[in-house]
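Working notes for the structure below.
The values are calculated or read from the model by the stated rules, or taken from the named source; none is laboratory data. Because the structure is a prediction, the values reported are computed rather than measured. Methodologically, a virtual Cβ is constructed for each residue, glycine included, from the backbone with ideal geometry; neighbour enumeration extends over all protein chains shown.
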Amino acid sequence: MHKNCGRNKLMGNSRGQFRSRFGIIMAAAGAAVGLANIWGFPTQVANNGGAAFVIMYLVLTFFLAFPVFMAELLIGRYGQANLASSLEKMARNQLHKRFAFVIGFGGFLVAALVLSFYVIIAGWMMSYAAEPVARMVGLTDIAHWIVSDSSLRSILFSTVFMFLTFFIIQKGVEGIEKWSKKLMPSLIILLIVLISYVLTLEGASKGIEAYLSPDFSRVFEPNLIISALGQAFFSLSIGGGLNVIYGSYISKKENLIILGTQVTLIDVGIAFLAGLLIIPAMYVAQAQGITIFTGDGGLVSGPSLVFSVIPNLFNGMGTTGLFLGLIFFVLMSIAALTSSIAIVEALVAFVVERHGIGRKKASMLIAVIILSASTIIVINIGWMLELIVTVSSQYGNAIVAMLSCLFVGWIWHRHEVLEELRKGNDEVENSLFWKVWPWYIKFVCPVGISLVFFHSL
């Protein structure tokens, strides 16, 4: 144990840091903003009563997900390590240390499960981005193959996506910050360009109405609430240790409350913009004769909406549609990449810091394990993909988050939490955040998460 503590201490002293506030915000927002926002959020909105879901999502994001998000950032900056090691530094006895490891290892497993399906979906996004390029240069047969249901195609593009992710994180926090500062602004610009065009098309106004006019009778539907909570946690990357490891790279001079609020607002803002693109695009497609909804109001395509409705919409626009399709799926690929960087970093940091393995060796080990798991999912995709998505994103994230809240609220000493918050914010003790957050994370968040979780069972 003494050797491990010495090694962790050495690594904590030598670990990198984000160099600029803009870099911190872009990296943390990149971790939060991913396919859960641009793909998952609009799909959930369309499946769960439109604006009614948006309202519940916003409520749960700010009243349950945001406090937990702040707890994870605090854990990381205080512990200067992965989730398990950071929590162990707060422990007061051996039982606490074991509980800390259970939470940390649980977060590691959740992150690994998320990544195992995430790289598959991200690979599909990349293949759909490559398809219009192949058509433009006359490679029609290849264009058809790279958007087919071929297992080989899925494995190939998953491998390419994983390679890109590891290429970016190989230099650690410096590489993450550098690429986040490039990718996130590109994502926002592409999103705004597409929204500006789609809103000019016939049928878009009906989509806006469906998106922004709530049916209040549906706001408290149990299934809607469960879906909204899962979406809020998944979109802020809560429960997998991602925010903890990014928190460990944040300078002690930064005001964590302001930083966390800014990242949450960016995350919610991009999710809202994604809905402003996808929901009107669905109604535009409907105006063009494409079937979107079933008789009872559900989506015909469900989660595969982005791979059926959107390509069909762009295919009906001729040459313009080719370019729009390229832009859209490049946007989706960037969103996937910014999140996968954070997931992989959390996994690699856990292996490096807990076992003393070199960064490159740990990265290769994680890559092989994840790609192996992804291949198994692809081969059994008919039943396995949905199972892994549900277990990891709807249940796993919530369980780890709830346990983290219990640890921070009941085991971590209040004065140590206050001292950590004071770094970068001398007046925090007098703030509304400090008057509410400690008891909120201790009582409200664990009870709220557990009630929703047990109801869903």
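Do you know which residues across segment 187-219 are without any contact (Cβ under 8 Å) to a residue 40 or more places away in the chain and part of a loop (DSSP other than H, G, I, E, B)?
Residue satisfying the conditions is 200 alone.
Is there any pair with a first residue in segment 409-427 that is outside any loop (DSSP other than H, G, I, E, B) and a second that is surrounded by 13 or more Cβ atoms within 10 Å (Cβ to Cβ) whose Cβ atoms are under 6 Å apart and which are 6 or more apart or on different chains, and what are they?
From residues that are outside any loop (DSSP other than H, G, I, E, B), the pairs are 409/441; 409/442; 420/74; 420/78; 421/428; 422/428.
Mind listing whichever residues of segment 278-303 are among the polar types (S, T, N, Q), modelled with pLDDT under 70 and surrounded by 13 or more Cβ atoms within 10 Å (Cβ to Cβ)? Give the derivation first.
We begin by selecting, within segment 278-303, every residue among the polar types (S, T, N, Q); these are 286, 288, 291, 294, 301.
Right, trim to modelled with pLDDT under 70 and you get 294, 301.
Within segment 278-303, just 301 meets the criteria.
Being among the hydroxyl-bearing types (Ser, Thr, Tyr), part of a helix (DSSP H, G or I) and within 27 Å of residue 424 (Cα to Cα) is the requirement here; does residue 78 meet it?
Numbers: among the hydroxyl-bearing types (Ser, Thr, Tyr): yes; part of a helix (DSSP H, G or I): yes; within 27 Å of residue 424 (Cα to Cα): yes.
So residue 78 fits the description; yes.
Please determine whether any residue of segment 144-152 is modelled with pLDDT under 95, closer than 18 Å to residue 329 by Cβ, part of a helix (DSSP H, G or I) and among the acidic types (Asp, Glu).
Checking segment 144-152: not a single residue is modelled with pLDDT under 95, closer than 18 Å to residue 329 by Cβ, part of a helix (DSSP H, G or I) and among the acidic types (Asp, Glu).
Here's the yes/no breakdown for (1) crowded, with 20+ Cβ neighbours inside 10 Å; (2) not charged (D, E, K, R):
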site	(1), (2)
21	no, no
41	yes, yes
93	no, yes
114	yes, yes
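Here is a list of conditions, (1) in a helix (DSSP H, G or I); (2) crowded, with 21+ Cβ neighbours inside 10 Å; (3) out of contact with any Gly (no Cβ under 9 Å at 6 or more places or on another chain), and residue 373 meets all of them except one; can you say which number that is?
Failed condition: (2).
Mind checking which residues of segment 198-226 are closer than 30 Å to residue 115 by Cβ and touching a Phe, Trp or Tyr at 6+ places or on another chain (Cβ under 7 Å)?
224, the sole residue that qualifies.
Answer yes or no as to whether residue 35 is touching a Phe, Trp or Tyr at 6+ places or on another chain (Cβ under 8 Å) and aliphatic (A, V, I, L, M).
When the stated conditions are applied, residue 35 passes them.
When you check residue 146 against the structure, is it within 18 Å of residue 364 (Cβ to Cβ) and crowded, with 20+ Cβ neighbours inside 10 Å, yes or no?
On the way: within 18 Å of residue 364 (Cβ to Cβ): no; crowded, with 20+ Cβ neighbours inside 10 Å: yes.
Taking the combined requirement at face value, the residue does not satisfy it.
Looking at residue 358, is it surrounded by fewer than 17 Cβ atoms within 10 Å (Cβ to Cβ), more than 24 Å from the chain's Cα centre (by Cα) and closer than 30 Å to residue 170 by Cβ?
Details: surrounded by fewer than 17 Cβ atoms within 10 Å (Cβ to Cβ): yes; more than 24 Å from the chain's Cα centre (by Cα): yes; closer than 30 Å to residue 170 by Cβ: yes.
For residue 358, the condition - surrounded by fewer than 17 Cβ atoms within 10 Å (Cβ to Cβ), more than 24 Å from the chain's Cα centre (by Cα) and closer than 30 Å to residue 170 by Cβ - is met.
Against the condition surrounded by fewer than 20 Cβ atoms within 10 Å (Cβ to Cβ), in contact with a helix residue (DSSP H, G or I) (Cβ under 8 Å, 6 or more places away or on another chain), closer than 24 Å to residue 349 by Cα and of a type in the set (A, V, I, L, M, F, W, C), how does residue 164 come out, does it pass?
Answer is yes for this residue.
Mind listing just one residue for me: the one in segment 404-449 that is among the small types (Gly, Ala, Ser) and either farther than 19 Å from residue 100 by Cα or surrounded by fewer than 13 Cβ atoms within 10 Å (Cβ to Cβ) (or both) and, of those, modelled with the lowest pLDDT? Full working, then the answer.
So in segment 404-449, the residues among the small types (Gly, Ala, Ser) come out as 404, 409, 424, 431, 448.
Subset that is either farther than 19 Å from residue 100 by Cα or surrounded by fewer than 13 Cβ atoms within 10 Å (Cβ to Cβ) (or both): 424, 431, 448.
Values: 424: 87, 431: 93, 448: 83.
The extreme case among them is 448.
Is there a residue in segment 329-342 that is out of contact with any Phe, Trp or Tyr (no Cβ under 7 Å at 6 or more places or on another chain), at pLDDT below 85 and not in a helix (DSSP H, G or I)?
no
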